[in-house]
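K.L.:
My questions all concern the structure below.
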Amino acid sequence: MPRYHTLGNIPPKRHTVFKKPNGDFYFEELFGTIGFDGMSSLLYHTQRPTQVKEVVKSYSVEPKIAVAKNMKSISLKGYKVPPINDFLESRKCVLMNSDCQITLAAPKQSLTEYFYKNTDSDEVIFIHKGTGKLRTMLGNIDFEYGDYLVIPRGMIYQINFDNEDNRLFIVESKSPIYTPKRYRNWFGQHLEHSPFCERDLHGPSELETFDEQGDFLVKVKKQDMIHEYNYAAHPFGVVGWDGYNFPYKFSIHDFEPITGRVHQPPPVHQTFETDTFVICSFVPRLYDYHPQAVPAPYNHSNIDSDEVLYYVDGDFMSRNNIEQGQITLHPAGIPHGPHPGTMEKSIGKKETQELAVMVDTFKPLMVTEEAVKLQDGDYYKSWLDH
């Protein structure tokens with residue numbers, strides 16, 4: 001997160017003595033990325049954060065690959081993922097490569113019986129259905145439909161849902177997730193032409209501090225393994241912190257679309273970037289205003305990247321027979337474009353109410369066994385004239 005944030009109580013100078021009212025010490029922790037070169041925060045714990053009682057067990061959660069070298073456009077019915085009580089068990093990875101995992105989830109219950117830490121990846125959790133509260137060691141964030149929750153790797157968290165009807169689209173990234181560099185100046189401030197600004201990015205605003213000892217189960221993901229750690233100190237024992245490395249939310253409804261006289265290329269929809277893929281937001285917007293404009297996108301050859309579209313709401317103007325929660329994959333190397341009739345139908349239209357999330361990966365995606373369960377017919381034939 002390219003801006004400074006602080007919450008709770010911290011000493012006036014870093015790496016100096018900081019004591020509780022009773023004279024006991026607080027314990028400082030540097031929570032950083034990319035060695036000592038990336039964004040970091042300084043945390044102050046009521047108990048030492050290193051107190052491991054036992055590693056209870058370890059087990060694999062590595063996705064099983066059905067198609068390792070895919071060259072076929074496919075469609076997945078995301079709402080066919082069954083609701084499952086447990087938050088982690090509900091997560092079904094459908095597409096992946098060595099850089100990222102794309103996951104669907106329909107958790108019914110809040111994550112309260114244990115804590116979770118993903119040390120493999122940053123996470124972006126898009127809230128398609130549901131409301132609630134993300135609880136982290138750096139504070140809490142309320143969320144609702146349309147929110148992106150950006151959670152840095154190594155962040156210990158729980159998640160509370162207000163009801164059982166929840167649908168999540170999750171992207172895990174092996175490299176840090178940032179806002180697009182071209183929208184930031186050399187100080188990290190978002191520029192005037194950016195489709196969003198700092199006011200739209202909301203960090204933790206409520207810090208819960210538990211100065212407790214006992215038995216606290218933290219499930220830690222590392223190299224597609226879950227390791228169950230029993231800690232002696234409560235994971236939410238931070239009394240204060242400051243820095244640049246923290247979770248935050250951004251609502252897709254706060255993305256201000258960039259439009260023009262003729263059709264704008266997909267990069268104008270970019271919301272997040274990594275070294276290995278980008279995430280874009282397609283939001284309600286006015287169509288192009290050249291008198292002869294064709295609002296539907298032109299046909300496009302994906303030469304260097306796989307394109308994943310997750311359909312959220314509205315009528316996606318370049319596709320036929322699209323429903324909420326559907327995913328389409330258009331692999332690198334072959335062209336894709338508007339379905340038959342959609343280009344002609346778009347001409348003369350003034351606006352679209354479509355809402356979708358796009359992920360473009362720079363390495364090919366593999367199709368998992370979970371994806372095969374959701375596959376919707378011969379989508380790759382859907383551009384034939386009937």
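The values are calculated or read from the model by the stated rules, or taken from the named source; none is laboratory data. As the structure is a prediction and not an experimental result, all values here were calculated from the model. FYI the Cβ positions are ideal-geometry reconstructions off the backbone, even for glycines, and counts take in every protein chain you see.
Residues checked against (1) farther than 26 Å from residue 42 by Cα; (2) surrounded by 20 or more Cβ atoms within 10 Å (Cβ to Cβ):
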position	(1), (2)
136	no, yes
149	no, yes
170	yes, no
174	no, no
188	no, no
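K.L.:
If only one of 72, 57 is out of contact with any Cys (no Cβ under 8 Å at 6 or more places or on another chain) and in a loop (DSSP other than H, G, I, E, B), which one is it?
P.N.:
72
K.L.:
If I filter segment 369-383 for residues that are assigned to a loop (DSSP other than H, G, I, E, B), crowded, with 16+ Cβ neighbours inside 10 Å and among the charged types (D, E, K, R), do I get at least one hit?
P.N.:
For segment 369-383, residues assigned to a loop (DSSP other than H, G, I, E, B), crowded, with 16+ Cβ neighbours inside 10 Å and among the charged types (D, E, K, R): present.
K.L.:
List pairs: first residue in segment 58-70 and under 16 Å from residue 119 (Cβ atoms), second residue outside any loop (DSSP other than H, G, I, E, B) and aliphatic (A, V, I, L, M) anywhere in the structure, Cβ distance under 6 angstrom, at least six positions apart or on different chains.
P.N.:
If the second residue must be outside any loop (DSSP other than H, G, I, E, B) and aliphatic (A, V, I, L, M), the pairs left are 58/225; 59/226; 60/225; 61/226.
K.L.:
Next question, about the same structure. Do any strands (runs of 3 or more DSSP E) entirely within segment 234-311 hold 1 or more residues that are touching a residue at least 12 places away in the same chain (Cβ under 8 Å), under 18 Å from the mean Cα position of the chain (by Cα) and more than 23 Å from residue 70 (Cα to Cα), and if so, which?
P.N.:
Passing ranges, in order: 248-251, 270-273, 277-282.
K.L.:
Considering segment 155-193 alone, what residues qualify as being at pLDDT below 95, part of a loop (DSSP other than H, G, I, E, B) and either among the aliphatic types (A, V, I, L, M) or touching a Phe, Trp or Tyr at 6+ places or on another chain (Cβ under 6 Å) (or both)?
P.N.:
The answer is 191, and nothing else.
K.L.:
So which residues in segment 341-368 are part of a loop (DSSP other than H, G, I, E, B) and farther than 21 Å from residue 91 by Cβ?
P.N.:
Answer for segment 341-368, where residues must be part of a loop (DSSP other than H, G, I, E, B) and farther than 21 Å from residue 91 by Cβ: 341, 347, 348, 349, 350, 353, 354, 362, 363, 364.
K.L.:
Looking at (1) touching a residue at least 60 places away in the same chain (Cβ under 8 Å); (2) out of contact with any His (no Cβ under 9 Å at 6 or more places or on another chain); (3) crowded, with 16+ Cβ neighbours inside 10 Å, which is the one condition that is false for residue 111?
P.N.:
Unmet condition: (1).
K.L.:
Would you confirm, using the coordinates I've provided, whether residue 230 is modelled with pLDDT of 90 or more, among the polar types (S, T, N, Q), assigned to a strand (DSSP E or B) and not assigned by TED's automatic domain parsing to the domain that holds residue 349?
P.N.:
Here the answer is yes, as residue 230 does meet what is asked.
K.L.:
Since residue 294 meets every condition but one in (1) farther than 22 Å from residue 179 by Cα; (2) in the same structural domain as residue 203 (by TED's automatic domain parsing), which condition does it not meet?
P.N.:
(2)
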